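Scroll down for the structure; my scribbles are underneath it.
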Amino acid sequence: MACRVIAISGTPGVGKSTIANIVSRILNAEVIDLSELVIKKRLYSDYDEKRKSYI
């Protein structure tokens with residue numbers, strides 16, 4: 001079976017997570033939150049205090 005990747009991006013508050021969850025239910029697919037993945041797997045080099053973001 002072929003592997004499909006659907007990437008959803010956009011500015012904060014536009015409904016990316018909502019759409020991702022709807023699409024995942026329809027396609028019986030997994031949603032991967034990249035922000036969570038970066039933290040969980042420690043894929044960052046530093047933390048930006050000003051922006052409160054891992055980099």
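The values are calculated or read from the model by the stated rules, or taken from the named source; none is laboratory data. Worth saying up front: this structure is predicted, and the values here are computed from it rather than measured. Glycine also receives a Cβ, built like all others from the backbone with ideal geometry; neighbour counts cover every protein chain displayed.
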Seminar exercise, completed: Counting only residues that are of a type in the set (Ser, Thr, Tyr) and either surrounded by 11 or more Cβ atoms within 10 Å (Cβ to Cβ) or part of a helix (DSSP H, G or I) (or both), the range 5-30 contains a total of 3
Seminar exercise, completed: Taking the range 30-55 and keeping residues modelled with pLDDT under 95 and small (Gly, Ala, Ser) leaves 35, 53
Exercise. When both residues are 6+ apart or on different chains and their Cβ atoms are under 8 Å apart, which pairs have a first residue that lies in the range 1-16 and is modelled with pLDDT of 95 or more, and a second that is loosely packed, with under 10 Cβ neighbours inside 10 Å?
Worked result: 16/9; 16/10
Exercise. In the range 31-55, which residue that is small (Gly, Ala, Ser) and not in a loop (DSSP other than H, G, I, E, B) is nearest to the chain's Cα centre (by Cα)?
Worked result: 35
